[in-house]
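Remarks on the structure that follows.
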Amino acid sequence: MATYTTNEFRSGLKIMIDADPCSIVENEFVKPGKGQAFNRVKIRNLKTGRMLEKTYKSGESVEAADVTDIDMQYVYTDGEFWYFMDPNSFEQISADKDAIADALKWLKEQDLCAVTIWNGAILNVTPPNFVELKVAETDPGLRGDTSGGGNKPATLETGAVVKVPLFIDQGEILKIDTRTGDYVSRVKG
Amino acid sequence: MVNPTWEPRTSLHVLEVRALFLTLIRQFFIARDILEVETPALGSHASIDANVSCISCLYPAVAGLTKYYLQPSPEYAMKRLLAHESRSIYQLCKVFREGEWGRWHNPEFTMLEWYRVEWDYQALAAETEQLIKDLLQPYRQLDASEVYTYQSLFQTYADINPLSTSTQALKKLLQAHDINPPETDYDGFLQLLQTHLIEPKLPRNKLIRVIDYPESQAALARTRKTAKTRVAERFEIFLDGVELANGYQELTDVVEQRARFQRELDGRSAQSNPLPVIDERFMAAMASGLPECAGVAVGVDRVLALALGHTGIHEVITFPFDRI
């Protein structure tokens, strides 16, 4: 069993807490003068996404979590699972709905996603920061209105609904920032 | 290959202010007729203090490689000088602590330590505050200082009496504030309350002096009997929740000194930590007679960082631990 001591703590390090894989978000070394040393850490539980705070005695060992982050290509879904492929080994693994979570509304086949794998199963999927998606449905575009004032909802090919400028038409391809869900620009076809 | 970061972490301005601080510190002591001394950074003995880990190194000797230790504080050596010269002395030096690496810690840091012969610890605390204020004055105007006893500090900011409560009550209080404490002892829980709960709540922009610590946290300070208990004649000075100085009415009783070392060693063997050996040269100096004195250590990097508004000491150290 691999372990880390608190001396190795840094943000991004993956450790096991109460049988769940977690990622260290922030690590602070605290030691009152002449007192004991502690590591005060903020941690994200990678299964639930919840943040927690914990304090360790400095020098304590903690079990390492066998978690890897790799870029994988989204291949297809059978409605129950979403399949991803390692572009180097061509190996495929599937993610369930919990692991896909909010990434679902941005996923287009062949997109390269950041995938977190724990014990051979996908824990978490982060879509690319920017995706290009076709407008499936929106009110007809107002010709000539490129002033940027006002917006309207548009449903994209993946089902996501974003606010777009009034001049956008059905069938256009848009660049979207997945971190905020904001429209960025039109993509010339 | 990526080029490693070779540049210093400090700006030229920080270097200039650091140089100025070192000059002003020396002027402060020259004006008070306190002698500057140097003692070895390398020692043959590790610290007895159970909460201090020394960085060791190997030196070839006839019998093979001998272990030496980078000094975590110049205290033992300076006390040997005090026992011999009975004169107020100060030192500006680098000290070393294994494992101390964080926003306010670097395994190697600059310490200012001085001893005032025949002085009382409260007078030394006032002198320490004067020096810190003198250094900060061009950069920050501090509000009037405040003084707490360790007891009143905990009563004010944690609503608990640290001298007469139970380990369980301390643990409960920590949990009530969402601090998941590891298993530790009474003093460990008090220290967690201090770092996690009290220090963040301390008033900003003023020096906070805390005096009279629990006997169990006396370290090398003399203790005094009070109505209900014994307290250690020790002080610490905080600014913006950061500890800048730690001082004692120095323990001069060699019998008590040996008893305290033994208690630390017992504590260490209980945690199955490596056992350091008592430095008999230091003990012999204590036996020959340490003059009545008060001593204090100031973290120079922290004073500099707070003068310039930094939120940690790495920005004021040319090459912190991750750039050496």
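The values are calculated or read from the model by the stated rules, or taken from the named source; none is laboratory data. Just so it is clear, the model here is predicted, and its values are computed rather than measured. For neighbour counting, all protein chains shown are included, and Cβ atoms are generated from backbone atoms with ideal geometry for every residue, glycine included.
Per-structure values
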{"read-out": "Selection count where residues are among the aliphatic types (A, V, I, L, M) and under 15 Å from B:Cys54 (Cα atoms), scope the range B:73-129", "value": "1"}
{"read-out": "Residue selected from the range A:45-76 under the condition crowded, with 16+ Cβ neighbours inside 10 Å and farther than 30 Å from B:Asp49 by Cα, by the criterion farthest from the other protein chains (Cβ to nearest Cβ)", "value": "A:Tyr74"}
{"read-out": "Total residues in the range B:93-111, condition over 14 Å from the mean Cα position of the chain (by Cα) and either assigned to a strand (DSSP E or B) or more than 14 Å from chain A (Cβ to nearest Cβ) (or both)", "value": "1"}
{"read-out": "Residues (crowded, with 22+ Cβ neighbours inside 10 Å and at the interface with another protein chain (Cβ under 10 Å from one of its Cβ atoms)) located in the range A:20-31", "value": "A:Val30, A:Lys31"}
{"read-out": "From B:Leu42, B:Leu82, B:Leu70, residue being in contact with a Phe, Trp or Tyr (Cβ under 9 Å, 6 or more places away or on another chain), surrounded by 20 or more Cβ atoms within 10 Å (Cβ to Cβ) and either farther than 18 Å from B:Pro274 by Cβ or charged (D, E, K, R) (or both)", "value": "B:Leu82"}
{"read-out": "Among (1) more than 15 Å from B:Thr149 (Cα to Cα); (2) part of a strand (DSSP E or B), the one test that B:Glu233 misses", "value": "(1)"}
{"read-out": "Answer residue from the range B:164-188, given it is within 11 Å of chain A (Cβ to nearest Cβ) and over 19 Å from A:Lys42 (Cα atoms) and is surrounded by the fewest Cβ atoms within 10 Å (Cβ to Cβ) among those", "value": "B:Asp185"}
{"read-out": "Of all residues in the range A:98-143 being of a type in the set (A, V, I, L, M) and assigned to a loop (DSSP other than H, G, I, E, B), the one that is modelled with the lowest pLDDT", "value": "A:Leu142"}
{"read-out": "Unmet criterion (only one of (1) more than 14 Å from chain A (Cβ to nearest Cβ); (2) in contact (Cβ under 8 Å) with a residue 24 or more places away in the chain) for B:Cys57", "value": "(2)"}
{"read-out": "Residues located in the range B:10-30, provided they are farther than 15 Å from B:Gln91 by Cα and either at pLDDT below 95 or among the aliphatic types (A, V, I, L, M) (or both)", "value": "B:Leu12, B:Val14, B:Leu15, B:Val17, B:Ala19, B:Leu20"}
{"read-out": "Extreme residue, nearest to the chain's Cα centre (by Cα), among residues of the range B:154-211 that are among the small types (Gly, Ala, Ser) and part of a loop (DSSP other than H, G, I, E, B)", "value": "B:Ala158"}
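So that you can scan it fast, the table gives a plain yes or no per residue for (1) buried (at least 21 other Cβ atoms within 10 Å of the Cβ); (2) assigned to a helix (DSSP H, G or I); (3) on the phi < 0 side of the Ramachandran plot:
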{"position": "B:Phe238", "(1), (2), (3)": "yes, no, yes"}
{"position": "B:Arg263", "(1), (2), (3)": "no, yes, yes"}
{"position": "B:Asp266", "(1), (2), (3)": "no, yes, yes"}
{"position": "B:Ala294", "(1), (2), (3)": "yes, no, yes"}
{"position": "B:Leu306", "(1), (2), (3)": "yes, yes, yes"}
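Residue by residue, here is whether (1) within 18 Å of B:Glu113 (Cα to Cα); (2) surrounded by 13 or more Cβ atoms within 10 Å (Cβ to Cβ) holds:
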position	(1), (2)
B:Arg18	yes, yes
B:Thr23	yes, no
B:Ile34	yes, yes
B:Ser53	no, yes
B:Tyr59	no, no
